[in-house]
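This report concerns only the one structure given below.
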């Protein structure tokens, strides 16, 4: 199938072919049933779509008779041009997997999000490793040590409000850490099994859920009802359940005053953390506004 033949397909057919490519590239495998379940089509139609994708890029997939699934080919070359933001939306929220198209909004709409330069080939290595529970060797640009090579065992992606990172066990430090996706210069899946101590089940910070009680800042907000309405508070407070590993990011993003006596001043601090004791044992609190300035919880 040529590029001209691809353009002659209907949009629904192109969307299904794009879905095949997403599964191959970022999950690492594809089955006909994936198309049947996602689009509600018959198996025969899924077979035709698979044949059409093979005509487009035969080297992008190899059939694995043992698992009865198609695997991402060693010589994979993408047919569809997805942005990193679109792929991450698909990975995290499960929609938006149709072929990328330019849509015109019915009204003016501007955003202030600055997209990080995430390499999709590197991202695909990481996501396939998460799916297959495999270790990965990455070249990583850290703020303190510069460009280093290390082995990690990734198990989840997370958006901290400013960018995406991967949660993984770092074999060099022996700890679970966050690695910013845009700082990963290269990645390759390694052979071998992972240890039980490297799995997500052993990441206490990831598995612990922290219950935060946020209220209008007692000193900086003259009309608390404004903040209560903005955040949909009930009885003057907003209760937020968040993983301990992500708590610091949330508190920083919302500029939550985490001092014990709500002492931070400034128009940016509209919220105060009333139950500061909930942060006991949370490890990424250097990000929380005012936490360093107060006594340890």
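Bear in mind that the values in this text are calculations on the coordinates, not laboratory data. Remember, predicted model here, so these are calculated numbers, not experimental data. Note that each Cβ is placed from the backbone with ideal geometry, even for glycine, and that neighbours are counted across all protein chains shown.
Assorted remarks:
- FRET efficiency, 1/(1 + (r/R0)^6) with R0 51 Å, evaluated for residue 283 and residue 39 via beta carbons: 0.75
- Over the chain, relative contact order from alpha-carbon pairs under 8 Å, at least 6 apart, %: 11
- By the count of neighbouring beta-carbon atoms within 10 Å, fewest first, 225, 97, 119 end up ordered 225, 119, 97.
- Angle between the chain longest axis and helix 244-253 axis [Cα atoms, degrees, rounded to 10]: 70
- Cβ-derived FRET efficiency at R0 25 Å, residue 85 paired with residue 267, nearest 0.05: 0.25
- Span from the region 219-259 Cα centroid across to the region 1-73 one, whole angstrom: 45
- Pairs of Cα atoms farther than 34 Å apart, the chain, %: 37
- Counting other Cβ atoms within 10 Å as a rough exposure proxy, the listed residues 43, 10, 127 run 10, 43, 127 from fewest neighbours to most.
- Cα gyration tensor shape of region 3-80, rounded if a/c is under 1.5, else prolate or oblate by comparing a/b with b/c: oblate
- Full-stretch length increase - residue 48, residue 223 - with 0.36 nm per residue and alpha-carbon distance subtracted: 56.8 nm
- When each of the peptides 76-82, 188-194 is scored by how many other beta carbons lie within 10 Å of its residues on average, the order from highest to lowest is 76-82, 188-194.
- When the Cα gyration tensor is reduced to axis lengths a ≥ b ≥ c, the ratio a/c stays below 1.5 for region 120-203, which is therefore classed as rounded.
- Measuring nothing but alpha carbons in region 48-207 and taking Rh as the Kirkwood radius, the Rg to Rh ratio lands at 1.00.
- Axis of helix 11-22 versus longest Cα principal axis of the chain: the two differ by about 70°, to the nearest ten degrees.
- With R₀ set to 45 Å, the beta-carbon distance separating residue 190 from residue 260 gives a calculated FRET efficiency near 0.50.
- Relative contact order (%) - region 144-236, alpha-carbon pairs under 8 angstrom, separation at least six: 16
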